[in-house]
Amino acid sequence: MFVFFLLCATGTFAQGSNDLAPVPGELEQAGRRSSRKFFIGGFTANGLSWFGSGIQFSSKLAASVQWQEQRMIQRFDLDLNGVQSDLSGIFTLTNSEKIQRQLALQMEWFPFSGPYYFAAGGGLETYSEKQRKTETYFPGGNYKDYAWNISQQKLFLSAGAGFRYIFTSGFFIHVGGNILFYPERGTHEQRGSYNTNTNWDYRQLQKDWQEPEKEARSHQNPYGAQLQILFGIAI
């Protein structure tokens, strides 16, 4: 996050100093923003996806819609704990799905002729997590199986900085970062069935019962961060 603020500060200093040569095409950015009013782009990598589109009102002011999704899926993830040479131990089979989506509207201010901007806006973040675990104890064959899910919807306010560099062809690179503030951070937890073929261990049951609450608390921080990476075209 701080890297993007540093980039902006560096760009500002470069424009204010006659001793530093500008980045090639930097001084033409204001004209390219004025002549190419609309822009659209996206990028995806390692379970992260971005999409952005907007309108350039002038060389200094733009509005954009930003969408981001982060998806982490585990299917039949097997964890072996305390396994000995005779295959005794605990075999934990986990199926989980975590999906976070953010939709935001932000205003972007380009105070100089270069590609650097400051941004402010707001949006909606949704998060859902589903998990099911099966723990089997060998060689006894005892097992327990339980499932739960959590969901969350929360509004946020954002402030940040970045740059959007437009080439002569109209293709652009957009990299930005925002600090997020969440006024409300409530979560909803739902537990599924809890099955076992052994006598109930109430201490372990309480620990398993509190697992979704523990996970939900990790998503109740009033502050967060957001990264934006786009490759696209301005017309």
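All of the numbers you see were taken from the coordinates with simple rules; none came from a lab. Quantities reported herein were computed from a predicted structural model and do not represent experimental measurements. Using ideal geometry, Cβ is built from the backbone for each residue, glycine included, and neighbour counts are taken over all protein chains shown.
Using a Gaussian network model of the chain in which every pair of alpha carbons under 10 angstrom is joined by a spring, one finds that among Tyr117, Tyr194, Tyr182 the greatest mean-square fluctuation is at Tyr194.
Can you give me the relative contact order of segment 97-165 as a percent, contacts being Cα pairs under 8 Å and 6 or more apart?
Result for segment 97-165 is 36 percent.
Evaluating 6.51 cos²θ - 1.76 cosθ + 1.60 at θ = phi - 60° for every residue in segment 25-38, the Karplus couplings come out as x, 5, 6, 8, 5, 4, x, 5, 5, 5, 8, 10, 6, 10 Hz, glycine and proline recorded as x. Total lysine pairs in segment 2-234 at Cα distances under 24 Å, for residues eight or more apart or on different chains: 17. Relative to the current alpha-carbon distance between Ser128 and Arg203, full extension at 0.36 nm per residue lengthens the span by 24.3 nm. Model label points for Thr92 and Ile179, set 7 angstrom from Cα along the Cα-to-Cβ axis, are 3.6 nm apart. Remark: spin-label model distance Trp109-Tyr194 equals 5.3 nm, labels positioned 7 Å along the Cα→Cβ axis. The angle between the Cα long axis of helix 2-16 and the main principal axis of the chain comes to about 10°, on a 0 to 90 degree scale. For the chain, a crude dipole built from +1 on the beta carbon of Lys and Arg and -1 on the beta carbon of Asp and Glu, taken about the Cα centre, is about 620 debye to the nearest 20.
For segment 90-233, relative contact order (Cα pairs under 8 Å, six or more residues apart, normalised by length) works out to 23 percent.
Largest GNM mean-square fluctuation among Phe38, Phe91, Phe110, using the chain with Cα springs under 10 Å: Phe91. As a calculated quantity, the FRET efficiency between Ala159 and Ser49 at R0 = 30 Å, using C-beta atoms, amounts to about 0.85. For segment 55-61, putting each phi into the Karplus relation 6.51 cos²θ - 1.76 cosθ + 1.60 with θ = phi - 60° gives couplings of 10, 9, 5, 7, 5, 10, 9 Hz, in residue order, rounded to whole numbers and with x for Gly and Pro.
Computed from these coordinates, which is log10 I(q)/I(0) by the Debye sum over Cα atoms at q = 0.11, 0.17 Å⁻¹: (1) -0.69, -1.16; (2) -0.77, -1.24; (3) -0.55, -1.29? Working out log10 I(q)/I(0) by the Debye sum over Cα atoms at q = 0.11, 0.17 Å⁻¹ from the coordinates points to (1). Selection among Ala225, Gln74, Thr94 by position relative to the dipole of the chain gives Ala225 as farthest towards the positive end (Cβ unit charges, Cα centre). Qualifying GluC sites (Glu not before Pro) in segment 138-235, where qualification requires a DSSP coil assignment and no more than 13 other C-beta atoms within 10 Å, comprise Glu184. Per-residue ellipticity at 222 nm computed for the chain from its helices equals -5000 deg cm²/dmol, with DSSP H segments shorter than 4 residues left out and the rest contributing -39,500 (n - 2.57). Derived scalar couplings between HN and Hα for segment 89-96 equal x, 10, 9, 10, 10, 10, 10, 9 Hz in order, rounded to whole Hz, by the Karplus curve 6.51 cos²θ - 1.76 cosθ + 1.60 (θ = phi - 60°), x for Gly and Pro.
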